[in-house]
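The values are calculated or read from the model by the stated rules, or taken from the named source; none is laboratory data. On a predicted model such as this, the values are computed, not experimentally measured, just so you know. Neighbour counts run over all protein chains shown; Cβ positions are idealised from the backbone, glycine included.
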Amino acid sequence: MKHILTVAGLLAFSIPYACQGLSPRVITIALLILLFSYIMLLPSLKTMIATLADNPLLTLLMMYIAASCLWAEQEQTSSMLMVLKFLAFSTFGLYFVTHYTAQGCIRLLVITLSILSVLNLLAVVLVPSFAIHAGVEHTGLWKGISGHKNTLGTLSLLSFVSHVISFFKGKHKALHIGFILLNALLLIKCQSTTSLVLTSSLFAFILFILLFKRIRSVASRGFFISTSGLLVLLGLVFAFTFGDAIASEFGKTTTLTGRTEIWQGIAGAIQSHYWFGHGYGSYWAARPSIYAGGIRFDLTSSHSGFRDLWIDVGLAGLLATIAIVTITLLKFRIGKADMYTWLTAMVFFLFIVLNNITDSRFLNSLSIYWIIFMVIVIKVQEQHRLAVTEKTNSAALSTSPLH
């Protein structure tokens, strides 16, 4: 039953109609999940406190985000409700990470993403008027139950790469092929350029790691790394040289579908609250009109998770997040033991980092992205601490006198 309720919570945080906005429905769901998480955490308060203490920068960031309601510009009740939602999915994340191993967390995340893929397809087939974009923008493109083609793209991306890794693990290959094909269909039909580019990049990264782990010779590994690095460098040079031509072939521009213009338009909002931001969720809650290059943009995000962090909690919050990302990447180890779990975690984390450069998939979006971020940061720190302890114990044993 615990597993079923956990997946239900993850699903709720992955569906816009259950976790976005401040409607009575969303607040009720947040309160129910907060109550569930609190009840589940009560018997293991010491473990939760130890986890928070072991991740001081993440803990301080969460406290700082919650405290930002004190200087938020929007109406106080709305600001408190935003913080309530943040506490709900952060507490659920703490429950999730303290009650399951790294392998268990990844397994339940993959199950959740797989269910979402099926639900998105069913929505398109059964309720096309609801699940397919209509009107002026994105007409005919799939959005499923995810509310927008780009959101469908990111969730399908995560499901796709997780099933690719599971396929190489060697169990239930037919099942994984089915989900790979399903998510490929969803990615193609939603036509999210960012998701397609990231899917290709992360797929190449998966192949690189799996091939690298199979190479035993040090010289061969060196040759493989240098060759791969050269290919990446040539690819970047090609992209920068022919970027305009490539973009125009796909009906795109190098402004990233207007993103660079939006980023110019929000520069004033960042500068006016440079250090501490407008308060979590406050700026975009007012649905401001952004003017850039003579164009008006009515938005709910800047299409950049890192810029949204800057707007919400200022440079202080942004730098803390960048520090957490950097430390986590430096501590990441994809060892032989449970390699596929840690490879999935690495791919998920890279997605969070890369996607938030040109899209907002952190706090100003579905809560599942923040939960994935929390889980991986905490589990990597846990893995690092165990590795340091084992190394210290091994060193102590090797220097102890024989009796």
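Is region 156-168 home to any residue that is free of Cβ contacts under 8 Å to residues at least 40 places away in the same chain, in a loop (DSSP other than H, G, I, E, B) and out of contact with any Phe, Trp or Tyr (no Cβ under 8 Å at 6 or more places or on another chain)? Scanning region 156-168 turns up no residue that is free of Cβ contacts under 8 Å to residues at least 40 places away in the same chain, in a loop (DSSP other than H, G, I, E, B) and out of contact with any Phe, Trp or Tyr (no Cβ under 8 Å at 6 or more places or on another chain).
Among the residues of region 354-375 satisfying the criterion of being under 16 Å from LEU157 (Cβ atoms) and among the aliphatic types (A, V, I, L, M), which is surrounded by the fewest Cβ atoms within 10 Å (Cβ to Cβ)? So the residue we want is ILE357. I'd like to know if region 80-89 contains one or more residues that are more than 22 Å from the chain's Cα centre (by Cα) and more than 24 Å from VAL110 (Cα to Cα). Yes - at least one qualifying residue is present in region 80-89. For region 13-34, a residue qualifies if it is closer than 14 Å to PHE96 by Cα and assigned to a helix (DSSP H, G or I), and the qualifying residues are ILE33, LEU34. Taken together, the criteria exclude LYS85 from residues that are surrounded by fewer than 17 Cβ atoms within 10 Å (Cβ to Cβ), assigned to a helix (DSSP H, G or I) and of a type in the set (D, E, K, R). Inside region 164-182, can you point out the residues that are of a type outside the set (A, V, I, L, M, F, W, C) and either at pLDDT below 90 or buried (at least 24 other Cβ atoms within 10 Å of the Cβ) (or both)? Within region 164-182, LYS169, GLY170, LYS171, HIS172, LYS173 qualify.
Go through the residues of region 330-348 one by one and say whether even a single one is modelled with pLDDT of 90 or more, over 30 Å from ILE215 (Cβ atoms) and in a helix (DSSP H, G or I). No: region 330-348 contains no residue that is modelled with pLDDT of 90 or more, over 30 Å from ILE215 (Cβ atoms) and in a helix (DSSP H, G or I).
Residue pairs whose Cβ atoms lie under 7 Å apart, separated by 6 or more positions or on different chains, with the first residue in region 186-203 and outside any loop (DSSP other than H, G, I, E, B) and the second crowded, with 21+ Cβ neighbours inside 10 Å and aromatic (Phe, Trp, Tyr), are LEU186/TRP142; LEU187/PHE160; LYS189/TRP142; CYS190/TRP142; LEU198/PHE351; THR199/PHE160; LEU202/PHE351. Hey, any hits in region 115-130 for a residue that's crowded, with 19+ Cβ neighbours inside 10 Å, in contact (Cβ under 8 Å) with a residue 24 or more places away in the chain, closer than 17 Å to LYS189 by Cα and among the hydroxyl-bearing types (Ser, Thr, Tyr)? Within region 115-130, one or more residues are crowded, with 19+ Cβ neighbours inside 10 Å, in contact (Cβ under 8 Å) with a residue 24 or more places away in the chain, closer than 17 Å to LYS189 by Cα and among the hydroxyl-bearing types (Ser, Thr, Tyr).
For region 101-113, the set of residues classified as part of a helix (DSSP H, G or I), surrounded by fewer than 20 Cβ atoms within 10 Å (Cβ to Cβ) and among the polar types (S, T, N, Q) consists of GLN103 only. Do you know which residues across region 327-359 are free of Cβ contacts under 8 Å to residues at least 24 places away in the same chain and either among the small types (Gly, Ala, Ser) or under 25 Å from GLN271 (Cβ atoms) (or both)? Hits for region 327-359 are GLY335, ALA337.
May I ask you to verify whether ILE132 is hydrophobic (A, V, I, L, M, F, W, C) and modelled with pLDDT of 95 or more? Steps first, please.
On the way: hydrophobic (A, V, I, L, M, F, W, C): yes; modelled with pLDDT of 95 or more: no.
No.
Of all residues in region 19-48, those satisfying the criterion of being under 14 Å from SER90 (Cα atoms), surrounded by fewer than 16 Cβ atoms within 10 Å (Cβ to Cβ) and not hydroxyl-bearing (Ser, Thr, Tyr) are LEU31, LEU32, LEU35.
Just to be sure, is HIS138 more than 28 Å from MET346 (Cβ to Cβ), of a type outside the set (A, V, I, L, M) and crowded, with 17+ Cβ neighbours inside 10 Å? In short, yes.
Against the definition (among the hydroxyl-bearing types (Ser, Thr, Tyr) and either under 18 Å from VAL377 (Cβ atoms) or modelled with pLDDT of 85 or more (or both)), how does THR300 come out, yes or no? Give the steps one after another, and end with the answer.
On the way: among the hydroxyl-bearing types (Ser, Thr, Tyr): yes; either under 18 Å from VAL377 (Cβ atoms) or modelled with pLDDT of 85 or more (or both): no.
Taking the combined requirement at face value, the residue does not satisfy it.
Within region 91-114, residues that are over 13 Å from ILE376 (Cα atoms) have Cβ atoms under 8 Å from residues that are assigned to a helix (DSSP H, G or I) and among the charged types (D, E, K, R) in these pairs: HIS99/LYS2, counting only partners at least 6 apart in sequence or on another chain. Could we say that TYR17 is touching a residue at least 12 places away in the same chain (Cβ under 8 Å), of a type in the set (Phe, Trp, Tyr) and closer than 28 Å to VAL161 by Cα here? Yes; evaluated as a whole, the condition is true for this residue. Each residue in region 169-185 was checked for being among the small types (Gly, Ala, Ser) and in a loop (DSSP other than H, G, I, E, B), and 1 of them qualify. Quick check on region 49-81: of everything there that is of a type outside the set (Val, Ile, Thr) and touching a Leu at 6+ places or on another chain (Cβ under 7 Å), which residue is surrounded by the most Cβ atoms within 10 Å (Cβ to Cβ)? Among those residues, the one meeting the criterion is LEU81.
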